[in-house]
Structures are given as C-alpha cells and as structure tokens.
Amino acid sequence: MTAMPVIARERRYLQPGQLLVSALPAAVTTILGSCIAVCLWEPHRGIGGMNHFMLPMNSGSMAASARFGPTAMEQLVEKMRDAGARLPLLRAKVFGGACMFAEMQTSAHLGQKNADVALDFLKRRGIEIVQTDVGGNHGRKLIFHTDEGTTWLTSI
C-alpha cells in the first residue's frame, strides 16, 4: 500500500474585504456571518482564489474596494485570469450570507443581498456553480485548498 503524498500548502487567513489567488498550493481560511466568500478554481491548472466581501453595493462615496460584492467579484476573476486560469473552465463555490440577528430576519436581509450579488455575477459570467451553502442564521468557518478546489465548512 502506497501512502498519499502530503502537499505542503501555504496557510493564509482572509479578512473581510480581502481576496487571494494562488497558482501554488494554499490553504485559505476565513470566518463568515452575513459576508460572502466565493471560491474559484480552475481544475486543469490547479489555480484557485477566494474573496470575502461584506456589502452588496458600494455607497458611491468610497473608491472601488473588495469590501463590496461587485468589486470583489470582478477583482477575483481578473486575478484568476492574470494567474493563468482559463475562464471557461472556472468552477465556483459560494458560502456565507447568514442573517445573524433574529430581529433582522426578512427575505431581503444583508446576507441574502450579498449572496444574490455573488450568484448573479457568476451566472451572468457563465461560471459553473458547483456548491453553495448560503443563508441560515449561523456563522461559518471555511477552509479552501486552492490547488484541489476542496473546501471544509464548519458551522459556528
């Protein structure tokens, strides 16, 4: 019996408003509440990336920032392309978008608006969504392996 090789991965923690793309193996961790994290992976080249955005739209008073969904999504796709990923081959996983406070539970809560921005962007770009875990009323801890496209999700 042959042992599986252990892959050395750089470990990174993604704060809200950040994103990371890597052509080298990396394990990216983040914590989500109403925020959204989108993991993109190009399986043939093993390139992966993740964003973590907080708000569905820019209020117009701030410069383009990855804290806002549309900017975070555009920047993630652009950085994936710059790293050598072929856009028609991208696969997406979308996580987060919880409504963390019972008194804010409506069909249009912040987490749902964030999820809608990510899912709509991916559909408009023709990027295949292979996994979603959005909504609910609990936080999530997410770990994404950029080289394999695998994710581990824990409710918190």
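The values are calculated or read from the model by the stated rules, or taken from the named source; none is laboratory data. This one's a predicted model, so the numbers in the text were calculated from it and none came from an experiment. Glycine gets a Cβ as well: all are built from the backbone with ideal geometry, and neighbour counts include every protein chain shown.
Descriptive notes on the structure:
- Per-region count, region 105-126, residues modelled with pLDDT of 95 or more and among the β-branched types (Val, Ile, Thr): 1
- 3 or more residues surrounded by fewer than 19 Cβ atoms within 10 Å (Cβ to Cβ): qualifying strands (runs of 3 or more DSSP E) within region 39-156: 128-134, 150-155
- Matching option when the condition is more than 11 Å from the chain's Cα centre (by Cα) and at negative phi, among 53, 68, 95: 68
- Of all residues in region 80-101, those being within 24 Å of residue 135 (Cβ to Cβ) and at pLDDT below 95 number 3.
So that you can scan it fast, the table gives a plain yes or no per residue for (1) modelled with pLDDT of 95 or more; (2) among the aromatic types (Phe, Trp, Tyr); (3) touching a Gly at 6+ places or on another chain (Cβ under 6 Å); (4) over 21 Å from residue 155 (Cα atoms):
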| position | (1), (2), (3), (4) |
| --- | --- |
| 33 | yes, no, yes, no |
| 37 | yes, no, yes, no |
| 42 | yes, no, no, yes |
| 53 | yes, yes, yes, no |
| 63 | no, no, no, yes |
| 78 | yes, no, no, yes |
| 103 | no, no, no, no |
